[in-house]
1. Mind telling me which of the residues A:Leu78, A:Leu24, A:Leu42 ends up being under 24 Å from B:His41 (Cα atoms), out of contact with any Cys (no Cβ under 9 Å at 6 or more places or on another chain) and within 14 Å of chain B (Cβ to nearest Cβ)?
2. Looking at region A:91-102 only, could you name the residues that are assigned to a helix (DSSP H, G or I) and over 14 Å from the mean Cα position of the chain (by Cα)?
3. Taking region A:18-48 only, how many residues are within 18 Å of B:Ala82 (Cβ to Cβ) and assigned to a loop (DSSP other than H, G, I, E, B)?
4. What's the number of the condition A:Ala105 fails, among (1) assigned to a helix (DSSP H, G or I); (2) within 28 Å of B:Gly10 (Cβ to Cβ); (3) away from chain B (no Cβ under 13 Å)?
5. Residues to consider are A:Phe63, A:Phe41; find the one that is over 16 Å from A:Met7 (Cα atoms), hydrophobic (A, V, I, L, M, F, W, C), free of Cβ contacts under 8 Å to residues at least 60 places away in the same chain and surrounded by 14 or more Cβ atoms within 10 Å (Cβ to Cβ).
6. Out of all the residues in region B:4-24, which are part of a helix (DSSP H, G or I) and more than 13 Å from chain A (Cβ to nearest Cβ)?
7. Do we find a residue being within 22 Å of A:Tyr15 (Cα to Cα), surrounded by 14 or more Cβ atoms within 10 Å (Cβ to Cβ) and within 14 Å of chain B (Cβ to nearest Cβ) anywhere in region A:87-97?
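Just so you know, all these numbers are worked out from the coordinates, no wet-lab data involved. Everything quoted here is computed from the prediction, not taken from an experiment. Ideal geometry is used to build each Cβ from the backbone, glycine not excepted, and the neighbour counts take in all protein chains shown.
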Amino acid sequence: MTTKKFMMVNRKAPYGTIYAWEALEVVLIAAAFEQDVSLAFLDDGVYQLKKGQQTKGIEIKGFEKTWGALEDYDVTQLYVARESLEERGLSAEDLTVPVEVLSRADIGKLMEEQDVLLSF
Amino acid sequence: MKFSILVNEGPYTHQASDTAYQFAKAVLAKGHEIFRIFYYHDGVNNATRLTTPPQDDRNIVARWSKLAEEHKLDMVVCVAAAQRRGIVDEGEMKRNGKDATNLAPGFRISGLGQLIEAGIQSDRLVVFGD
């Protein structure tokens, strides 16, 4: 099968809308199709990776643990926008998995290299 | 050029579905090919034949069905997203013990793999969302 470079762009907070969760389902399927999958986290999307998510009170299934499982699917390219973290008072230490923190401009360059960009 | 289209929003609330439709028509008018149109998130609500907009408004669902018929388009609704939102065909009705179906003509329900395949097979996958 042809392998293409897929980048999933996550821009929204994890539980206010379903985009983050359903985007994660796309990531897992793309990995199952053995595509070259990377993820970019921009704007409120950086909150998806925040450590210590507790969703019991809102009765929505939490998915923080799924990020740690991505490695088993060979999904290891996680890029987080530095400016988005800083604007929200966050740093890489606040995130649940190791990521590469890049400037928005550098993430833009990575986007140019992709075959398929899916924005959620 | 070979295009695929991803529709991530439902009809009427967001313009995304209208824009996707206009884009699809423009692509075909220019003589390009549409490999697949995939409906995800609330986009699956574009596929319910039970929608009844006011007579003086556009019928978004019927419009998609007509386009599919005219151009033999492959319009695929994500099964997991459809199950969450109550979009049901004959197979899903039986599988999940439901008492009705509502999938509009021209649509079919299948898995997310169809979206990834569309990305692989097409020159461009264009996303319409919020």
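1. A:Leu24
2. Once the filter is applied, which keeps residues that are assigned to a helix (DSSP H, G or I) and over 14 Å from the mean Cα position of the chain (by Cα), region A:91-102 yields A:Glu93, A:Asp94.
3. The qualifying residues number 1.
4. (2)
5. A:Phe63
6. Answer for region B:4-24, where residues must be part of a helix (DSSP H, G or I) and more than 13 Å from chain A (Cβ to nearest Cβ): B:Ser17, B:Asp18, B:Thr19, B:Ala20, B:Tyr21, B:Gln22, B:Phe23, B:Ala24.
7. For region A:87-97, residues within 22 Å of A:Tyr15 (Cα to Cα), surrounded by 14 or more Cβ atoms within 10 Å (Cβ to Cβ) and within 14 Å of chain B (Cβ to nearest Cβ): absent.
Yes/no per residue for (1) in contact with a Phe, Trp or Tyr (Cβ under 8 Å, 6 or more places away or on another chain); (2) facing chain A (nearest Cβ under 8 Å):
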| residue | (1), (2) |
| --- | --- |
| B:Arg85 | no, no |
| B:Asn96 | no, no |
| B:Ala104 | yes, no |
| B:Gly119 | yes, yes |
| B:Asp123 | yes, no |
| B:Val127 | no, yes |
